[in-house]
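Take a look at the structure set out below.
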Amino acid sequence: MKKIIIIGLIAAASMIFTGCGGKENDDKKADGQVEENVPVTDADGQSDTSDSPEETDAPAVDGVSVLCTDDKSISISVTRPEGFEDSEHSSEHQIAFQRLGADGTSSTQLNLRLMTEDADTVMTTAQQEVEYLLSANSDGGTVGEVQTQTTGEKQFSYFTYSQEGIEGYRIWTDLDNGCILSCTVENIGSGLEPLAIDSLAQIISASIQE
């Protein structure tokens, strides 16, 4: 009988110690979870927010667009000219504006590109584009000679062209960042105010922010 009682006491003691061991492990796990949730602080006592989501960029300013070169190495800001509205044909490599005529169908189109080529290449490209445009019309058209216009501190090179329903200018000027701003301005339709290089140069100068 004593032997049975002793065996029972040994079994009970084993269960008690086993229970205590499990409780200690549970307590350690709980302590570990608490430690993992404690934010890490730096030497100044500030919380480390390296894992926090990055702040979103500031919203774009209405009426101001960013124009990039084809390789996106250089960019400038372009402000929408007064009296014009944004065009759906704009992209980061081409900024377009339009001004509707009184009839709601005729319009003045202004298209800006930022190019890294030299001035001769920009001029040749513009001439080739216009030649292609005119050749697509059976009535042909006319192209003027390259001329220059100085407005403020900038010199603009340009030539004019026209065909039925279109009066156009190709204009380009050197920028301080080493690029060339190439512009296409066209009156499409009838009843529009005639284009003039002096006013166009002023519009372009006021629109770009180098």
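Every read-out reported here was derived from the displayed coordinates using simple, explicitly stated rules and does not represent laboratory data. Just so it is clear, the model here is predicted, and its values are computed rather than measured. Note: ideal-geometry Cβ built from the backbone for every residue, glycine included; neighbour counts use all protein chains shown.
Observations
- The length gained on full extension between S190 and E145, counted as 0.36 nm times the residue separation minus their Cα-Cα distance, comes to 13.8 nm.
- Cα-projected label distance for S138 with S87, points at 7 Å along beta-carbon direction, nm: 2.7 nm
- The stretch between T125 and Q94, if pulled fully straight at 0.36 nm per residue, gains 9.6 nm over its current Cα-Cα span.
- Charge dipole (the stretch 83-210, unit charges on Cβ, about Cα centre) - positive-most of Q209, T150, Q128: T150
- Extension gain from A102 to V64, taking 0.36 nm per residue of separation minus the Cα-Cα distance: 11.1 nm
- Efficiency of FRET between S77 and D118 - r from beta-carbon atoms, R0 35 angstrom, step 0.05: 0.90
- Computed from point charges on the beta carbon alone (+1 for Lys and Arg, -1 for Asp and Glu), the dipole magnitude for the stretch 64-209 about its Cα centre is near 220 Debye.
- Relative packing of 100-109, 145-154, which averages over residues the other C-beta atoms within 10 Å, highest first: 100-109, 145-154
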